[in-house]
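Remarks on the structure that follows.
The values are calculated or read from the model by the stated rules, or taken from the named source; none is laboratory data. Just so it is clear, the structure is predicted and the values come from calculations on it, not from any experiment. Heads up, the Cβs are rebuilt from the backbone with ideal geometry, glycines too, and the neighbour counts pull from every protein chain shown.
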Ligand SMILES: NC(=O)N[C@@H](CC(=O)O)C(=O)O
Ligand SMILES: [Zn+2]
Ligand SMILES: [Zn+2]
C-alpha cells in the first residue's frame, strides 16, 4: 500500500537565509509556518559578527514573525580573522548563539569578510571546542586555479582535514554538501562531523542550470554538480544516517539580481521545500526516514531536544499550485521550481496569511 499521509515531528531548518528588512518580512513566514527552529545564516551586509549583532538581528526576526507563528531563530556568528573569542564565549553563555559560521573569503554571497588564512582562526576554534559550540562551514576553496566544480572536494582535502586534525573535539557541520566526496567524508568521519543537505541538491544536477539556455534561478553555491553526486546526496539523505540532516539553504535574491549579467548565487526554496522533500523521499521508497532527516538528526547533533509538536503531510489527489513568484516591497522573487508537480502538502502548517502582519 502506498502512503498518502505522514505525521512527523515538526521539522527544523539547519541552514537558512532570512536576510533583513523588507525581504525578511516577506520570506520569514514561509519558514516560520512550517519549521519550529532554524539556524540563521549571518551573511548580512554588514555581517553578524559580535554577540550584540546577533541579539539585535534575533530581535528583528522575532518582531517580524506573524503572531501565531511559533518559531525560534537559532543565531550564528560570522567568523572573521579578528573574531574575539571572549565575545563568542559571552554570547554563547547568554544563549545568544548556536554556532559560528566559517566562510572562506570570496567563496559565496557576502563572504568578503570571511577567512583568508585558516591558521588565524585556530585559537577561536579551540575555544569553541572547549565551550561545545559547533562550527558551520561553507566548504569550498577560493583558489582561482581550482575548477568551480572541484572546490568542495579540494576544500575537504586541503582545509577540512587540517581543521579536524588540529581541533578534533570541535563539532563541525559541512553545510550544503553537493558531492560524493562530501558524503563519503562525512559518512566515514568521526562523531564530531555531520552535514546538511539542501532540498534543491536532491532534485537538480548541473544540467538543470545549463541545458537549453542558462537558468539563473538554478544557480547557487556550491553549484549543482553531475548526476552521480546528486544520487550520492539522495542516498545519504534518505539513509536515515544520523550524520545527515536538512539545511534548506533557502537564499532569496530579487529577480533583478538573479537575472543579470552577473547573477547572484542562491535559490528561494522555503515555500515548497517540505512538499519537495516528501516527493523525493517517496521516490526513494524512504518516507519512513524523512522524520530522521528533517526533524531528528539535526537536533541530536546540535544537542537540542526534538520538537514536541507534529506536522501532517498529506498526499493530495491533484497537484497543488505553489506561486512561481512572490512580490516583495523591493521587487519580485522567484520560488524554486522542482520541475515536477507537487502532491504532498503540509496540511496544518500555518500559512503566510494566517495572522500575517499587514
Ligand atoms: N547558497 C547560495 O548560493 N547563496 C547563499 C550563501 C551560501 O549559503 O553560500 C546566499 O546567501 O545567497
Ligand atoms: Zn554557503
Ligand atoms: Zn547558505
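Assorted remarks:
- Of the residues making up the range 87-110, those that are part of a loop (DSSP other than H, G, I, E, B) and either under 20 Å from residue 126 (Cα atoms) or within 11 Å of ligand 1 (Cβ to nearest atom) (or both) are 94, 95, 96, 97, 98, 103, 107, 108, 109, 110.
- Near pairs, Cβ below 6 angstrom, 6+ apart or cross-chain, from the range 263-287 (over 18 Å from residue 35 (Cα atoms) and in a helix (DSSP H, G or I)) to any residue that is within 16 Å of ligand 3 (Cβ to nearest atom) and at pLDDT 95 or above: 280/202
- Enumeration of residues in the range 5-26 that are within 13 Å of ligand 3 (Cβ to nearest atom), touching a residue at least 60 places away in the same chain (Cβ under 8 Å) and in contact with a strand residue (DSSP E or B) (Cβ under 9 Å, 6 or more places away or on another chain): 13, 14, 15, 16, 17
- In this structure, residue 114 does not qualify as within 16 Å of ligand 1 (Cβ to nearest atom), touching a residue at least 40 places away in the same chain (Cβ under 8 Å) and crowded, with 18+ Cβ neighbours inside 10 Å.
- Of all the numbered requirements in (1) within 16 Å of ligand 2 (Cβ to nearest atom); (2) assigned to a loop (DSSP other than H, G, I, E, B); (3) in contact with a helix residue (DSSP H, G or I) (Cβ under 7 Å, 6 or more places away or on another chain), residue 77 misses one, and that requirement is (2).
- Within the range 117-144, being touching a strand residue (DSSP E or B) at 6+ places or on another chain (Cβ under 7 Å) and either more than 16 Å from ligand 1 (Cβ to nearest atom) or on the phi > 0 side of the Ramachandran plot (or both) holds for 121, 125, 128, 133, 134.
- Given (1) under 17 Å from the mean Cα position of the chain (by Cα); (2) assigned to a loop (DSSP other than H, G, I, E, B), index of the condition residue 30 fails: (2)
- Residue 251 crowded, with 22+ Cβ neighbours inside 10 Å, modelled with pLDDT of 95 or more and within 16 Å of ligand 2 (Cβ to nearest atom): yes
- No other residue among 190, 182 is assigned to a helix (DSSP H, G or I) and closer than 26 Å to residue 240 by Cα apart from 182.
- Where residue 127 falls short, out of the listed (1) over 25 Å from residue 35 (Cα atoms); (2) at pLDDT 95 or above; (3) out of contact with any helix residue (DSSP H, G or I) (no Cβ under 8 Å at 6 or more places or on another chain): (3)
- When the criteria are applied in full, residue 12 meets the requirement of being at negative phi, surrounded by 21 or more Cβ atoms within 10 Å (Cβ to Cβ) and either under 19 Å from the mean Cα position of the chain (by Cα) or away from ligand 1 (no atom under 15 Å from the Cβ) (or both).
- Verdict on residue 100 being modelled with pLDDT of 95 or more and surrounded by 15 or more Cβ atoms within 10 Å (Cβ to Cβ): yes
- Counted residues, the range 111-120 - those being more than 19 Å from the chain's Cα centre (by Cα), assigned to a loop (DSSP other than H, G, I, E, B) and within 18 Å of residue 173 (Cβ to Cβ): 0
- If the condition is being in a helix (DSSP H, G or I) and either within 16 Å of ligand 3 (Cβ to nearest atom) or farther than 30 Å from residue 304 by Cα (or both), then the range 121-152 contributes 148, 149, 150, 151, 152.
- If you check 101, 90 for being under 19 Å from the mean Cα position of the chain (by Cα) and on the phi < 0 side of the Ramachandran plot, only one passes: 101.
- Count of residues meeting criterion [within 17 Å of residue 335 (Cβ to Cβ) and either in contact with a helix residue (DSSP H, G or I) (Cβ under 6 Å, 6 or more places away or on another chain) or in a helix (DSSP H, G or I) (or both)] in the range 237-262: 8
- Residue within the range 43-51 that is at pLDDT 95 or above, surrounded by 21 or more Cβ atoms within 10 Å (Cβ to Cβ) and part of a helix (DSSP H, G or I) present: yes
- Candidates in the range 81-105 are the residues that are out of contact with any helix residue (DSSP H, G or I) (no Cβ under 7 Å at 6 or more places or on another chain) and under 18 Å from residue 17 (Cβ atoms); of these, the one that is nearest to ligand 2 (Cβ to nearest atom) is 103.
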